[in-house]
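Engineer: I have a structure here, written as structure tokens, and I will follow up with some questions on it.
We did not get these values from a lab; they are worked out from the coordinates using the rules stated. Everything numeric in this text was worked out from a predicted model, so none of it was measured. Cβ placement follows ideal geometry from the backbone for every residue including glycine, while neighbour counts extend to all protein chains displayed.
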Amino acid sequence: MKPTTRGTLAAVVTGVAATVGAAAPAAAAGTVPVPLPLGGVSKALDMEVPRLSAELPLIKPGAPEGPRYVTGRLLPDRALPQLPVSSGLPGLDARAPLPHILGDNGFDHLDVVAPAGDVRALAPGLSVDAPLTEPGGENFGLPATKLPEAGVLAPVVQTVAGGNLGTGPGL
């Protein structure tokens, strides 16, 4: 193998390893940090600017529960099962300078911290039953008629959101 081919192969393997290594902690944490760099704006304008960073959640679909067979029904209980999805609320961490209106020329700060929270959801589902009963001995083994049944399983969303809003001296 030529040295240039070996060097190219080593560079590709190193790039793939770096990409996988960087993606693994974000996938394990469930959120991806997104800093907003405003340092250049602060230096260009020669003033204090807010510091912002956010956390974006990763959506993780789950495995739906299969249909459940119930005695006395021809069709399974959940013909269209509910799909569970887990994700998170986006997080925010912001710190902005507040100038003193009266008095000395110093700065105070305003903090907004809203950590990423977990969200668990179930998509809507459908439950139907045929207009026939199960075959029985009283009708020569033939099914009897009945009213059809249909029901929509309501979607579910569960989360707990929290945050802090505060002010304080200094930057």
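Engineer: With θ set to phi - 60°, apply the Karplus curve 6.51 cos²θ - 1.76 cosθ + 1.60 along segment 119-132 and write out the HN-Hα couplings as whole Hz, x wherever there is a Gly or Pro.
Structural biologist: Karplus values, whole Hz, x for Gly and Pro: 10, 10, 9, 10, 6, x, x, 9, 10, 10, 9, 6, x, 10.
Engineer: If you don't mind, another one. Given points 7 Å out from each Cα along the Cα-Cβ axis, report the D108 to L132 separation in nanometres with one decimal.
Structural biologist: 7.7
Engineer: Continuing with the same structure: Spelling out what I want: for every residue of segment 133-141, take phi, set θ = phi - 60°, compute 6.51 cos²θ - 1.76 cosθ + 1.60 (Karplus), and round to whole Hz; glycine and proline get x.
Structural biologist: 8, 6, x, x, x, 6, 10, 6, x
Engineer: Oh, and also: With only alpha-carbon atoms in the gyration tensor, what are the semi-axes of the equivalent ellipsoid for segment 33-169, in Å, largest first? Numbers along the way, then the final one.
Structural biologist: Values: eigenvalues 758, 36, 17 Å².
Sorted largest first and rounded, they come to 62, 13, 9 Å.
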